[in-house]
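We did not get these values from a lab; they are worked out from the coordinates using the rules stated. Treat the numbers as computed from the prediction; the structure is a model and nothing was measured. Don't worry about glycine lacking a Cβ; one is built from the backbone with ideal geometry, like all the others, and counts go over all protein chains shown.
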Amino acid sequence: MGHLSPLTAAELAAIYDRDPSPSVLRLLQEIRRLHETIRRADQVRRTIGNEGVFYVPAVVWECFVRELEAEPCLRDLPTPRQQARIDEHLRRLEEWRKNGRKFE
C-alpha cells in the first residue's frame, strides 16, 4: 500500500474543526514542525542549486544539521507495530529467495 495523498492546510484545519482535542492539536503542531523542516531542506537545496554552486551559509547548514539530528525518525528504534511489518517483509523476502526468485 502506497502513501495517501498529502493533506492541504484546509483539510488539516477541517480535521481539527471536527475534533478540536488536545491530541489532534498536538499532531497538527507536529505536522507544522515537519513542514518547517522540509522548507529548510528546500532552502538548502535551492542554495546548493543545480548549477554547481555548493556554498550553503554556515548558519543555515548548522541549523539544518541540528534539526535533522533531532528527528526521532532517524534515531528511534522501530515501534512494535513497525518491527512486525519489517519482520513480515523480511520473512517474505527470505521465502522468495528460497523459491529462487531474484531481486534487482
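Applying the criteria of a DSSP loop state and at most 10 other Cβ atoms within 10 Å to the chymotrypsin sites (Phe, Trp or Tyr not before Pro) of the chain yields Phe54, Tyr55, Phe103.
Peptides 68-78, 82-92, ordered by how many other C-beta atoms sit within 10 Å of their residues on average, highest first, read 82-92, 68-78.
So for the chain, taking the charge dipole from beta-carbon charges (+1 Lys/Arg, -1 Asp/Glu), which of Leu74, Val59, Trp96 sits furthest toward the positive end? Farthest along the dipole direction, towards plus: Trp96.
Here the simple spin-label model places points 7 Å from the Cα toward Cβ, and for Glu62 and Arg40 these points are separated by 1.3 nm. Ranking Ser5, Ile15, Ala84 by how far each Cα lies toward the positive end of the dipole of the chain (charges on Cβ) leaves Ala84 at the top. Calculation over all alpha carbon pairs of segment 9-70 in 5 angstrom steps from 0 returns a P(r) of 4, 16, 20, 16, 11, 11, 10, 7, 4, 1 percent. With θ taken as phi - 60° and the Karplus curve 6.51 cos²θ - 1.76 cosθ + 1.60 applied, the whole-hertz 3J(HN,Hα) list for segment 56-65 is 10, x, 4, 5, 5, 4, 5, 4, 4, 4 Hz, x standing for glycine and proline.
Ratio of Rg to Rh for the chain: 1.10 [Cα atoms; Kirkwood radius as inverse mean 1/r over pairs].
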